[in-house]
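Encoded as structure tokens, the structure appears first; notes follow it.
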Amino acid sequence: MGSVKDYFSSLGTGITSLLKGMGVTGKEFLTPKVTESYPDDRKTIQYAAPRFRAKLVLKYDAEGHHKCIACGICQRNCPNGTINLTTKMVDLPDGKKKRKLDAYMYDLGSCTFCELCVTTCPQNALEFSNDFEQAVFTRSMLVEKLNYLPELAEPAPAPKSAEAPKAPEAPAQSNVAEK
């Protein structure tokens, strides 16, 4: 007698589940549809969520200087070698030397979007953009130089002043009395 009771209870559960599913389908059938003209309305459409990580970008200030100090922390923390920094030493006007960023190379094809480079940057010089349109035909086009703006010229170091020739010194006089 238990098998007939189990049969009808499972049949009732199945019918209940079917009616719930049909209710969800009916609601979706009646809701108005929203169609976005994606390629045509690129300026007005919000594509991705605000926290979406698409591509690494160097931050620039209003004067055109990037905030990167070429410390290399982002390169060391990248788990798969996506970031490659090239630096150079420059002479400052006060005679000291300073390391400057020469090329900040970023390989989008190898990036895992883990955001370790952004979170560990001491100058807050990196961020991920929200632009998801990154399709290219060759992998070599995924490698980009991020410091794309030309670097503003540094003031030239002050030339070392040549010492003026000294006048010949007079012979030293001895205080020893002659005999």
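Name the pairs whose Cβ atoms lie under 7 Å apart, with the first residue in the stretch 61-75 and within 14 Å of A103 (Cα to Cα), the second hydroxyl-bearing (S, T, Y), and 6 or more positions between them or separate chains? Final answer for the pair search is H66/Y60; C68/Y104; A70/T87; C74/T120. Can you find a residue that is among the aromatic types (F, W, Y), open to solvent by 80 Å² or more (accessible area, probe 1.4 Å), assigned to a helix (DSSP H, G or I) and out of contact with any strand residue (DSSP E or B) (no Cβ under 8 Å at 6 or more places or on another chain) anywhere in the stretch 24-39? Yes - at least one qualifying residue is present in the stretch 24-39. Scanning the stretch 58-70 for residues that are at pLDDT 90 or above, assigned to a helix (DSSP H, G or I) and touching a strand residue (DSSP E or B) at 6+ places or on another chain (Cβ under 9 Å) turns up nothing.
Here the stretch 40-82 is the region considered, the condition is being open to solvent by 60 Å² or more (accessible area, probe 1.4 Å) and of a type in the set (V, I, T), and the residue that is farthest from the chain's Cα centre (by Cα) is T44. Pairing each residue of the stretch 30-58 that is more than 18 Å from Q134 (Cβ to Cβ) with any residue that is aliphatic (A, V, I, L, M), provided the two are 6+ apart or on different chains, yields C-beta distances under 6 Å for E36/I45. Taking the conditions (1) under 26 Å from the mean Cα position of the chain (by Cα); (2) open to solvent by 60 Å² or more (accessible area, probe 1.4 Å) in turn, S9 satisfies each one other than (1). Looking across L19, L101, L85, one residue alone is in a helix (DSSP H, G or I), of a type outside the set (V, I, T) and either modelled with pLDDT of 95 or more or open to solvent by less than 100 Å² (accessible area, probe 1.4 Å) (or both). It is L19.
Tallying residues that are closer than 19 Å to I73 by Cα and polar (S, T, N, Q) within the stretch 90-145 yields 6.
The values are calculated or read from the model by the stated rules, or taken from the named source; none is laboratory data. Everything quoted here is computed from the prediction, not taken from an experiment. Neighbour counts are summed over all protein chains in view; Cβ atoms, including those assigned to glycine, are modelled from backbone coordinates with ideal geometry. For accessibility, only protein heavy atoms count, side chains too; no ligands or nucleic acids. Shrake-Rupley method; radii C 1.70, N 1.55, O 1.52, S 1.80 Å.
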